[in-house]
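Student: Have a look at the structure that comes next, please.
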Amino acid sequence: MWMVNLRVTSNARRVALVLAVVLILGVLLLPGQLQSVFQGVGGPLGWLISWPLRAVAGVHDRIAGVWGSYVALQGMEEENRQLKRELELLKEQNGQLRESAAATERLAALLEFKKQALPTLIAAQVIGRDTGNWYKTIILDKGSSDGIQADQGVITPAGVVGRIVKTTASTAVVLLVTDPNNAIAGLIQRTRDEGIVEGTTQGQARLKYIPLLSNARPGDRVVTSGLVEGFPRGLAIGTITRIDKEEEALFQSAELTPEVDPNRVEEVLVIQSAQLPTEKERLSPPRPKP
Amino acid sequence: MKAFIYGVIIVGIVPVQSVVLPHLTLWGVKPDLGIVAVCLIGLISGELDGLLVGVAVGWALSLFSAQDMITGAILKGGLGFVAGLAGRQMVYLSPLVLVSGLLVVSCLVGLVTPLALKLNSQQDLWWAVWNVALPQACLDAVIGGAIYWLMWSQFNIEQLMSESRM
């Protein structure tokens, strides 16, 4: 038990009170401007903090590496066998897909389809997770100085990871596909029905607004539809595990298992330019052919 | 010296919160060291220090989260200010009172945050209370109590408070 000394300089109290009032007035009267001030001045602070963040992430990776190499090797034999079986299956599928791709290319050339421009990808490493509990995000070791901007899509070779929501000069924050506040335009690959994919509080994803007449079923793959900025068409999002059809509802919805496990992702690719037409380009009359 | 310690807290809290604490979660929820630090600084050093460090910590944490920056800075800054005011009114502060206070304050912040952030309809108030606010408040209270006990065993807190508030 101890006594508190109440001798506080009245100046400090006044300054604190004035600052608190100014801050509250700023939030109430000029929220947008205050946000941009915080974002602008946050650049140097973000740069400063990114150094210890990278250092701690480096130490963490080394410890994880040692753990993964020497301690967590139990059960590897069984996993290896399973992976070999999967590899055989994927080789077979790969052959079929090559055939399909060649056929598609021939048909596209015949129909004079415009070739979709390949996006530029930036490789980045995951160095941290969200600092709070309200959002599911990961922090990347590349930022605005590497050409990363808000709203760019983030993927792995397996599928969609999420979308960039915030950047500093040397880091970027990715809102994961499993976060309920994220929304990505999706397409059921087999039925070609479109919908919106959003995360769930259970760490899965859900495809909403599927037409009632759609015959989507569990096992169907959902890919990006390419209608929203950041993601070109055809990137894997997840596989449908359950269809929810409510009485008198206008749409169906489907539960998805995401293709990428966001808790285990270590390296990602940021889609720098998906070469999607802007709204102005889409609405403008088509150019006459020369 | 005080400014240096505050600087270390502001810069160091982000790596700890985003790299180390995801491994120390309770039902998938990690403690918010920002709340603990700001409350302790407010209580010990007064409302001005609490407010300024709170704004800086909230701002730094929200730079590395999807959370909007104003909400983070205002909530933590307000918390530091209130902690400073509370510290002035207290005649004595036992660890039990501190732990209970942190539990209540962290719960309140956990209730206000989803309203301020305008989260998805899946994340309603009931969900927020049971899945984030309560577990986080428990963790914050335990960690705050442990830090306070460490400080109490290492330093003369009465003297520290008197010097800080002079």
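Student: Residues to consider are B:SER100, B:SER65, B:SER106; find the one that is under 14 Å from the mean Cα position of the chain (by Cα) and buried (at least 24 other Cβ atoms within 10 Å of the Cβ).
Tutor: B:SER106
Student: Sort out which residues of region A:218-246 are assigned to a loop (DSSP other than H, G, I, E, B), farther than 12 Å from A:GLN189 by Cβ and in contact (Cβ under 8 Å) with a residue 12 or more places away in the chain, and write them in order of number.
Tutor: Result: A:PRO218, A:GLY226, A:LEU227, A:VAL228, A:GLU229, A:GLY230, A:PHE231, A:PRO232, A:LYS245.
Student: Here's a follow-up. Considering region A:247-264 alone, what residues qualify as being assigned to a loop (DSSP other than H, G, I, E, B) and in contact with a strand residue (DSSP E or B) (Cβ under 6 Å, 6 or more places away or on another chain)? Break it down stepwise before answering.
Tutor: Here is the first cut: in region A:247-264, the residues assigned to a loop (DSSP other than H, G, I, E, B) are A:247-250, A:259-264.
Across region A:247-264, the qualifying residues are A:GLU259, A:VAL260, A:PRO262.
Student: Give me the residue from region B:19-33 that is within 10 Å of chain A (Cβ to nearest Cβ), in a loop (DSSP other than H, G, I, E, B) and of a type outside the set (S, T, N, Q) and, out of that set, surrounded by the fewest Cβ atoms within 10 Å (Cβ to Cβ).
Tutor: So, considering only residues that are within 10 Å of chain A (Cβ to nearest Cβ), in a loop (DSSP other than H, G, I, E, B) and of a type outside the set (S, T, N, Q), the one surrounded by the fewest Cβ atoms within 10 Å (Cβ to Cβ) is B:GLY28.
Student: Need the failing condition index for A:ALA169 against (1) within 14 Å of chain B (Cβ to nearest Cβ); (2) at pLDDT below 90; (3) over 25 Å from A:ALA55 (Cβ atoms), just the number.
Tutor: It fails just one condition, (3).
Student: For residues that are out of contact with any Phe, Trp or Tyr (no Cβ under 8 Å at 6 or more places or on another chain) and of a type in the set (A, V, I, L, M), scanning just region A:46-63, find the one that is nearest to the other protein chains (Cβ to nearest Cβ).
Tutor: Going through region A:46-63, the residues out of contact with any Phe, Trp or Tyr (no Cβ under 8 Å at 6 or more places or on another chain) turn out to be A:47-48, A:50-52, A:54-63.
Add one more test, that the residue is of a type in the set (A, V, I, L, M), and what stays is A:48, A:55-57, A:59, A:63.
Values: A:LEU48: 6, A:ALA55: 7, A:VAL56: 4, A:ALA57: 5, A:VAL59: 8, A:ILE63: 10 Å.
Filtering region A:46-63 for residues that are out of contact with any Phe, Trp or Tyr (no Cβ under 8 Å at 6 or more places or on another chain) and of a type in the set (A, V, I, L, M), the one nearest to the other protein chains (Cβ to nearest Cβ) comes out as A:VAL56.
Student: What number of residues within region B:74-92 satisfy the criterion of being facing chain A (nearest Cβ under 7 Å) and either surrounded by fewer than 24 Cβ atoms within 10 Å (Cβ to Cβ) or in contact with a Cys (Cβ under 6 Å, 6 or more places away or on another chain) (or both)?
Tutor: Residues in region B:74-92 being facing chain A (nearest Cβ under 7 Å) and either surrounded by fewer than 24 Cβ atoms within 10 Å (Cβ to Cβ) or in contact with a Cys (Cβ under 6 Å, 6 or more places away or on another chain) (or both): 5 in total.
Student: Could you check region B:22-50 and list, in sequence order, the residues that are in contact with a helix residue (DSSP H, G or I) (Cβ under 7 Å, 6 or more places away or on another chain) and within 26 Å of B:TRP127 (Cβ to Cβ)?
Tutor: Correct list: B:LEU26, B:TRP27, B:VAL29, B:LYS30, B:PRO31, B:ASP32, B:LEU33, B:GLY34, B:ILE35, B:VAL36, B:VAL38, B:CYS39.
Student: Hey, another quick one. B:LEU24: farther than 25 Å from A:VAL41 by Cα and either of a type in the set (Gly, Ala, Ser) or modelled with pLDDT under 90 (or both), yes or no?
Tutor: So B:LEU24 fits the description; yes.
Student: Out of (1) away from chain B (no Cβ under 14 Å); (2) at pLDDT 90 or above; (3) in contact with a Lys or Arg (Cβ under 9 Å, 6 or more places away or on another chain), the odd one out for A:ILE196 is which?
Tutor: A:ILE196 satisfies all of (1) away from chain B (no Cβ under 14 Å); (2) at pLDDT 90 or above; (3) in contact with a Lys or Arg (Cβ under 9 Å, 6 or more places away or on another chain) except (1).
Student: Oh, and also: What residue, of B:LEU150, B:LEU102, is under 19 Å from B:MET90 (Cα atoms), outside any loop (DSSP other than H, G, I, E, B) and at pLDDT 80 or above?
Tutor: B:LEU102
Student: Here's something else I'd like to know. In the list B:VAL53, B:VAL36, B:VAL16, which residue meets the criterion of being more than 7 Å from chain A (Cβ to nearest Cβ) and either touching a residue at least 60 places away in the same chain (Cβ under 8 Å) or in contact with a Ser or Thr (Cβ under 6 Å, 6 or more places away or on another chain) (or both)?
Tutor: Being more than 7 Å from chain A (Cβ to nearest Cβ) and either touching a residue at least 60 places away in the same chain (Cβ under 8 Å) or in contact with a Ser or Thr (Cβ under 6 Å, 6 or more places away or on another chain) (or both) holds for just one of B:VAL53, B:VAL36, B:VAL16, which is B:VAL36.
Student: Could you say which residue among A:LEU90, A:LEU73, A:LEU107, A:LEU118 is aliphatic (A, V, I, L, M) and modelled with pLDDT of 85 or more?
Tutor: A:LEU90
Student: Follow-up. Name the single residue that is modelled with the lowest pLDDT among those in region A:148-166 being small (Gly, Ala, Ser) and part of a loop (DSSP other than H, G, I, E, B).
Tutor: A:ALA158
Student: Please go through region B:38-79 and give me each residue that is under 21 Å from A:GLY32 (Cβ atoms) and not in a helix (DSSP H, G or I), ordered by number.
Tutor: B:SER65, B:ALA66, B:GLN67, B:ASP68
Student: Going through region A:172-184 one residue at a time, which ones are within 7 Å of chain B (Cβ to nearest Cβ) and either at positive phi or assigned to a strand (DSSP E or B) (or both)?
Tutor: A:VAL173, A:LEU175
Student: If you go through region B:51-69, how many residues are more than 24 Å from A:ARG14 (Cβ to Cβ), touching a helix residue (DSSP H, G or I) at 6+ places or on another chain (Cβ under 7 Å) and hydrophobic (A, V, I, L, M, F, W, C)?
Tutor: 5
Student: Which is over 18 Å from B:LEU40 (Cα atoms) and part of a helix (DSSP H, G or I), of B:VAL82, B:VAL132?
Tutor: Going through B:VAL82, B:VAL132 in turn, the sole match is B:VAL132.
The values are calculated or read from the model by the stated rules, or taken from the named source; none is laboratory data. This is a predicted model, so every value here is computed, not measured. Cβ atoms come from the backbone with ideal geometry, glycine included; neighbour counts cover every protein chain shown.
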